[in-house]
């Protein structure tokens, strides 16, 4: 079983690279083959494949084989948990006291 | 100059570890010394110091020397940019078409 904590490690780890974030940005506009994804980047196709594996392991990208090519699709569900984690700290950058109170209330235990 | 992209690499990289996220959680309740931060974790003090360095480099923790001890404080400003990045994908997990339209509009160029 992959715990929520391990999942967050993988999600944030996958996002800690500009090329991987850009791949997600491309996939947000629609599915793409590995070749199509590699085109805008100044990196080799094997390097893109490696990034895609990290994104797949984090559950952010799904790959499906179609004959000889594999098509990649964005799977943003994993981002939800990451967003929720970061969101808990909103009070600390927005200075909103109501959000801060909610944070303290939730973590009092 | 540290670009926004490099900053995001560092922020997400710093968040990709459960101990570091827990340290931020502790600091959200108030400043703490390195010793106080190390207490709840089953890791050595040098290991905590290493995690703190990663958090400092990402701008998420500030350390100030007070005599012989150094006090750590949360600096959540860097999380804002990370939250904004993740938030752009909300449409893809919430299924909200208005958010999707905003995403497409913003990235059309």
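The values are calculated or read from the model by the stated rules, or taken from the named source; none is laboratory data. No experiment lies behind these values; they were computed from the predicted model shown. Using ideal geometry, Cβ is built from the backbone for each residue, glycine included, and neighbour counts are taken over all protein chains shown.
Looking at the range B:81-104, which of the residues that are part of a loop (DSSP other than H, G, I, E, B) and modelled with pLDDT under 80 is nearest to the other protein chains (Cβ to nearest Cβ)?
Across the range B:81-104, the extreme among qualifying residues is B:95.
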Worksheet, complete the sentence: All-but-one check, residue B:50 against (1) surrounded by 15 or more Cβ atoms within 10 Å (Cβ to Cβ); (2) more than 30 Å from residue B:105 (Cβ to Cβ), failing number (1)
Practice prompt. Return a yes/no flag: does the range B:44-64 have any residue that is farther than 23 Å from residue A:18 by Cβ, modelled with pLDDT under 90 and in a strand (DSSP E or B).
Written response: no
Worksheet item: Restricting attention to the range A:20-43, which residues are assigned to a helix (DSSP H, G or I), at the interface with chain B (Cβ under 10 Å from one of its Cβ atoms) and out of contact with any strand residue (DSSP E or B) (no Cβ under 7 Å at 6 or more places or on another chain)?
Response: A:20, A:21, A:22, A:25
Discussion item. Can you tell me which of (1) in contact with a helix residue (DSSP H, G or I) (Cβ under 9 Å, 6 or more places away or on another chain); (2) in contact (Cβ under 8 Å) with a residue 24 or more places away in the chain is the one residue A:33 doesn't meet?
Written reply: (1)
Discussion item. Condition check: in contact (Cβ under 8 Å) with a residue 60 or more places away in the chain and closer than 21 Å to residue B:82 by Cβ. Does residue B:15 satisfy that?
Written reply: yes
